[in-house]
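All of the numbers you see were taken from the coordinates with simple rules; none came from a lab. All values derive from a computational prediction rather than experimental measurement. Virtual Cβ from ideal backbone geometry, glycine too; neighbours counted across all protein chains shown.
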Amino acid sequence: MTDETDELTHAPAEAGAQVPLALVSGKPLVDIPKDLYIPPDALAVFLEAFEGPLDLLLYLIRRQNMNILDIDVSEITRQYMDYIGAVEAMRFELAAEYLVMAATLAEIKSRMLLPRHETDDDEELDPRAELIRRLQQYERFKKAAEDIDEMPRMERDIFAASAALPKLPSSQPHPEVDMRELLLALHGVLKRADLFTSHHVEKERLSTRERMSHILSVLQGDRFVTFESLFTIEEGRLGVVVTFLATLELVKEQLIEIVQAEVLGPIHVRARAAS
Amino acid sequence: MNEDHLARVQAIAEAALLAAGKPLSLEQLRELFVEDERPSRQVMEHVLVQLDKACEGRGFELKKVASGYRLQVREELAPWVGRLFEEKPQRYSRALLETLALIAYRQPITRGEIEDIRGVTVSSNIIRTLLEREWVRVVGHRDVPGRPAMYATTRQFLDYFNLTGLDELPPLSEVRDLEEIGREIERNIQGEIQFESSQNGSSDDPGQPGGNQAAESEQTLH
Amino acid sequence: MNEDHLARVQAIAEAALLAAGKPLSLEQLRELFVEDERPSRQVMEHVLVQLDKACEGRGFELKKVASGYRLQVREELAPWVGRLFEEKPQRYSRALLETLALIAYRQPITRGEIEDIRGVTVSSNIIRTLLEREWVRVVGHRDVPGRPAMYATTRQFLDYFNLTGLDELPPLSEVRDLEEIGREIERNIQGEIQFESSQNGSSDDPGQPGGNQAAESEQTLH
């Protein structure tokens with residue numbers, strides 16, 4: 001309702017009191033005097049009520065109680081021309097479509113006056129055929145537009161039911177990450193750093209690096225841990241080897257220090273950074 | 001799934017529909033539940049049937065529209081509820097409604113094709129309004145000079161007019177063009193000669209509603 | 001005033017409260033009715049008591065607030081209803097993924113070392129996000145000036161990627177055609193985006209062709 005445009009806000013004026021005249025079926029609500037004297041104000045209103053020449057023609061046909069399929073082209077053309085003439089006399093801006101239609105009607109009228117050849121397919125040669133087809137098409141959609149206007153719609157016949165919200169939990173879900181995305185990122189960065197070929201990252205090294213992280217986390221803070229406690233017998237020989245390699249790597253990287261107070265005494269380990 | 005649990009799911013569905021303020025699809029309703037408690041589609045459908053029943057005699061009802069389910073005020077209560085709002089409900093110009101009708105029944109359709117049928121130019125304002133309201137959208141471009149945009153209606157259009165699909169639009173009135181009348185005369189003559197069921201005539205009836213059919217018959221006309 | 005009439009007033013009050021989107025006072029509710037059918041204050045109060053009862057076990061409840069009455073989603077249903085408003089998870093930046101990958105494959109590693117390899121600074125946000133997600137943790141500090149923290153991956157990281165240990169991380173040397181994988185991921189992401197937007201149909205739905213088709217595909221959703 002907030003984003004109303006000109007089109008919408010103009011709607012009541014256009015679709016208000018004047019519309020019934022355009023919706024006529026047989027009995028016009030606005031009576032146009034027969035002698036075609038139309039006061040200037042009324043003429044302006046009159047023209048605005050129509051959605052173009054087809055709409056005006058339909059109105060004229062209805063007013064004459066004519067069947068579309070049996071249009072008296074001469075009579076309709078005369079009336080149409082009278083309106084167009086009146087409008088022009090009033091110096092109103094006239095949409096080009098009305099003039100095109102006037103020309104079309106004049107042409108049909110003149111062709112109707114010509115002698116017709118004998119053929120086995122009369123309808124095809126009826127110069128009114130195209131006009132009738134257009135009038136019929138237009139009439140269908142004019143009716144459809146009226147039907148749509150009648151349909152129940154939001155804000156007029158239908159109101160959405162809504163309830164106030166209680167305090168809602170605010171949670172931001174975490175993005176999903178695919179392992180391949182991770183790999184791709186690593187691939188990219190290593191390629192950029194030109195490290196891809198140096199095989200720093202090897203399969204067996206990963207378990208060592210994991211164990212390095214583990215040992216470091218065990219050595220949190222300024223405390224000594226016995227060397228043996230880093231090993232878990234249950235892990236078997238491979239586990240012991242990995243732990244040992246990790247310890248050596250940590251020493252090499254100067255991340256931990258190993259202290260032995262006396263020969264053959266207990267070996268202690270602590271994080272270097274803690275000292 | 002026991003009764004208590006179903007009642008719970010139903011209350012949650014009702015709460016969500018009232019909180020959303022727009023239609024929710026069955027999937028969206030199911031996604032309110034974490035995976036291990038998520039009701040199956042069948043259960044959710046059952047719950048919605050129950051919810052529908054539970055709204056009987058109340059101020060609101062469950063309605064299925066194009067983009068899902070919506071709780072809305074019962075239509076017969078609109079006269080009272082309408083008094084809440086001081087502003088008169090929006091009216092739409094005939095030009096806008098005719099353009100909308102052509103797009104709805106003849107989609108996909110270009111502006112030029114609309115103008116051909118209406119016999120007047122379609123103002124850019126109207127197209128813009130329809131696009132802004134999200135009732136129509138561009139679904140492609142016709143492969144003719146200028147590559148004009150082709151318009152079609154949206155789910156929001158259907159939602160707004162309380163419809164689940166285009167086939168629920170009121171049927172287009174029948175057009176009795178000259179060819180059709182010619183065929184009719186011919187049939188009548190033949191009928192006099194030999195008896196024929198009138199079934200024959202209905203198959204090629206151009207006045208059938210269904211949007212798709214209308215759209216197809218339009219293609220052949222242009 | 002008979003039972004039927006009271007039920008009607010109750011339905012109208014409920015409808016109005018659901019349509020108003022704001023609290024309504026007793027007077028505003030009474031003014032929905034034309035003068036000769038307007039319920040007295042006592043009747044209206046009675047009706048609201050009844051409405052309150054009628055909401056038991058449902059998804060919403062009647063609340064009295066300063067400016068009147070309002071219908072509100074039940075607070076205990078907030079965890080489910082809240083999911084309606086959850087923002088779609090965004091994707092992590094390339095910088096974050098690179099940082100995470102380097103921590104995974106080169107742990108323990110400091111921020112400075114990551115920056116050396118990436119050639120650009122690593123924002124504190126990235127580190128914070130990874131710590132908050134509990135995918136990485138500080139396992140110590142390197143004994144250099146500034147004593148920078150050393151990061152390593154966590155058990156949660158392994159769990160998320162369904163690994164029992166780091167040695168199950170795919171070795172880079174085995175992944176020969178990463179470009180192909182990259183293209184595949186891009187395609188998946190594109191596919192997801194399209195899927196999401198077509199799921200989201202309510203707001204804008206560019207993925208669907210002609211309206212009729214949209215209506216049909218919706219049918220299959222339910």
**OP:** Would you grab the residues whose amide H sits under 5 Å from the one on C:T110? Only those 5+ places off in sequence or on another chain, please, with H modelled 1.01 Å from N.
**Re:** C:Y151
Subject >> Average other protein chain Cβ within 10 Å of Cβ, residues C:68-77 >> reply: 6
Original post:
What is the dipole size for region C:26-122, taken about its Cα centre, with +1 at each Lys and Arg Cβ and -1 at each Asp and Glu Cβ, in debye to the nearest 20?
Top reply: 380
Original post:
Quick one: if you stick a label point 7 Å off each Cα along the C-beta vector at B:R147 and A:V100, how many nm between them?
Top reply: 2.5
Original post:
What order, most packed first, do the peptides B:93-105, A:138-150 have when packing is the mean number of other Cβ atoms within 10 Å of each residue?
Top reply: B:93-105, A:138-150
Subject >> C:F60 long-range amide H proximity, modeled H, under 5 Å >> reply: C:R74
Original post:
Taking the simple approach of a point 7 Å from Cα along Cα-to-Cβ for both A:L114 and B:E174, what is their distance in nm?
Top reply: 3.5
Original post:
Between B:R41 and B:L131, what length comes free when the chain is fully extended (0.36 nm per residue of separation minus the Cα-Cα distance, one decimal in nm)?
Top reply: 29.0 nm
**OP:** Enumerate the calculated ³J(HN,Hα) couplings along region B:140-150 in order (Karplus 6.51 cos²θ - 1.76 cosθ + 1.60, θ = phi - 60°), each rounded to whole Hz, writing x wherever the residue is Gly or Pro.
**Re:** x, 10, 6, 7, 10, x, x, 6, x, 5, 9
Original post:
Can you pull the mean other chain C-beta count within 10 Å for peptide C:99-105?
Top reply: 6
Original post:
Does region C:1-151 classify as rounded, prolate or oblate by the C-alpha gyration tensor (a ≥ b ≥ c root eigenvalues; a/c under 1.5 gives rounded; else a/b over b/c gives prolate, otherwise oblate)?
Top reply: prolate
Original post:
Which links in C:K22/C:K63; A:K109/A:K143; B:K22/C:K64 stretch past 22 Å when you go from one Cα to the other?
Top reply: A:K109/A:K143; B:K22/C:K64
Original post:
How many partner chain Cβ atoms sit within 10 Å of a residue's Cβ in peptide B:110-122, on average, as a whole number?
Top reply: 4
Subject >> Residues B:A7 and C:F161, FRET efficiency given R0 of 41 Å [Cβ-Cβ distance, rounded to 0.05] >> reply: 0.55
**OP:** Show me C:64-77, B:58-71 ranked by packing, highest mean number of other Cβ atoms within 10 Å first.
**Re:** B:58-71, C:64-77
Original post:
Could you name the lysines in cross-link range of A:K142, using Cα to Cα under 25 Å and dropping any fewer than eight places away on the same chain?
Top reply: A:K27, B:K88
Original post:
Dipole of region A:218-275, Cα-centred, from +1 at each Lys and Arg C-beta and -1 at each Asp and Glu C-beta, to the nearest 20 debye?
Top reply: 100
**OP:** Could you please rank A:S213, B:S123, placing first whichever residue has the fewest other Cβ atoms within 10 Å of its Cβ?
**Re:** B:S123, A:S213
